[in-house]
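My questions will all concern the structure given below.
The values are calculated or read from the model by the stated rules, or taken from the named source; none is laboratory data. The shown structure was predicted, so the numbers you read here are calculated from the model rather than taken from an experiment. Methodologically, a virtual Cβ is constructed for each residue, glycine included, from the backbone with ideal geometry; neighbour enumeration extends over all protein chains shown. Please note that ligands, DNA and RNA were not included when accessible areas were found on the heavy atoms of the full protein model with its side chains. Shrake-Rupley method; radii C 1.70, N 1.55, O 1.52, S 1.80 Å.
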Amino acid sequence: MTDGIAGKVVVITGASSGLGEATARRLARDGARLVLGARRLERLQALAEELALDGDAAVQTDVTRFEQVQHLVDRAVQLHGRIDVIVNNAGLMPHSPLERGKVQDWERMIDVNLKGVLYGIAAALPHMKARRSGHIINVSSVAGHKVRPGSAVYAATKTAVRVISEGLRQEVKPYDIRTTVISPGAVQSELPGSITEPDVAEGIRSFYESTAIPAGSFANMVAFAMSQPDDVDINEILFRPTRQEI
Ligand code: NDP
């Protein structure tokens, strides 16, 4: 059990794999009360069972649908009477050069990585404002700090998440709500699997194989931000594998 985590009611989007799943494992170990969202319900249910969460803690959620994100947050409030933390983590990274015109991939990134985060904020904020307490944790990326060929749209969504997080930070001061944006470098997960162009996927896969660190590294950052005293707000975290150059 860790101070600042035990007993907190935490909603995690994209909890069915990768960073979200690792965060659920870590926070469950530290005594948080979790409500998990993603589209793959069987995986969420298996995780919820393994972590001995409440029966209703796994909620099938497509973050591109506001009413589903609202339902996810409402479930936390129904089960535990409040929401203390939301980790807006769901995302995908179908990199490709702009000249290939992968319009559907662009739309999915904007819908999930950007609008999904906004929907999480919209769903959680009224509850947090009413209690004058809460913590909104958004997931950006190293790509939110620098763009490279092939990553323009992904980097745009992740830059937008940082900008929104900073705007939110200033706006929620009157309500004592904390805001953290976390920008990871290469971390082991299913993320490279979201790339639809085979040649691009191959390059990213070999980069991840040589560079990526375990997803627990991200979970540690979430735990660090959450476990600070209430009057300490960790606004931004940028971390990379030690061996990652770019
Ligand atoms: P994964 O592919 O392993 O996990 C992505 C998660 O997002 C899954 O749980 C997936 O669940 C969920 N998801 C995708 N689309 C939707 C949707 N429409 N509605 C709800 N959930 C959705 O990748 P990561 O764990 O790596 O990604 C998590 C976050 O971390 C992303 O925002 C990513 O951009 C960010 N990130 C990751 C880095 C890395 O190196 N791994 C580096 C920098 C940032 P399901 O398919 O079941 O819906």
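Restricting attention to region 189-202, report how many residues are away from the ligand (no atom under 11 Å from the Cβ) and assigned to a loop (DSSP other than H, G, I, E, B).
2
Give region 203-246 a look and list any residue that's small (Gly, Ala, Ser) and not in a loop (DSSP other than H, G, I, E, B), or say none. Show your work before the answer.
Applying the first criterion (small (Gly, Ala, Ser)) to region 203-246 yields 203, 206, 210, 212, 215-217, 219, 223, 225, 227.
Those that are small (Gly, Ala, Ser) and not in a loop (DSSP other than H, G, I, E, B): Gly203, Ser206, Ser210, Gly216, Ser217, Ala219, Ala223, Ala225.
Do the conditions hold for Asp54, that is, is it among the acidic types (Asp, Glu) and surrounded by 15 or more Cβ atoms within 10 Å (Cβ to Cβ)?
In short, no.
Of all residues in region 69-83, which are open to solvent by 50 Å² or more (accessible area, probe 1.4 Å) and either in contact with a helix residue (DSSP H, G or I) (Cβ under 9 Å, 6 or more places away or on another chain) or in a helix (DSSP H, G or I) (or both)?
Residues satisfying the conditions are Gln70, His71, Asp74, Gln78, Leu79, Arg82.
Sticking with this structure for a sec: Only one residue in Glu42, Glu21 is within 16 Å of the ligand (Cβ to nearest atom), over 17 Å from the mean Cα position of the chain (by Cα) and open to solvent by 10 Å² or more (accessible area, probe 1.4 Å), so which one is that?
Exactly one residue qualifies, and that residue is Glu42.
Of the residues Asp54, Asp62, Asp30, only one is of a type in the set (Asp, Glu), free of Cβ contacts under 8 Å to residues at least 60 places away in the same chain and over 26 Å from Glu107 (Cα atoms); which?
Asp54
Restricting to region 201-221, give me the number of residues that are among the β-branched types (Val, Ile, Thr) and open to solvent by 30 Å² or more (accessible area, probe 1.4 Å).
So the count comes out to 2.
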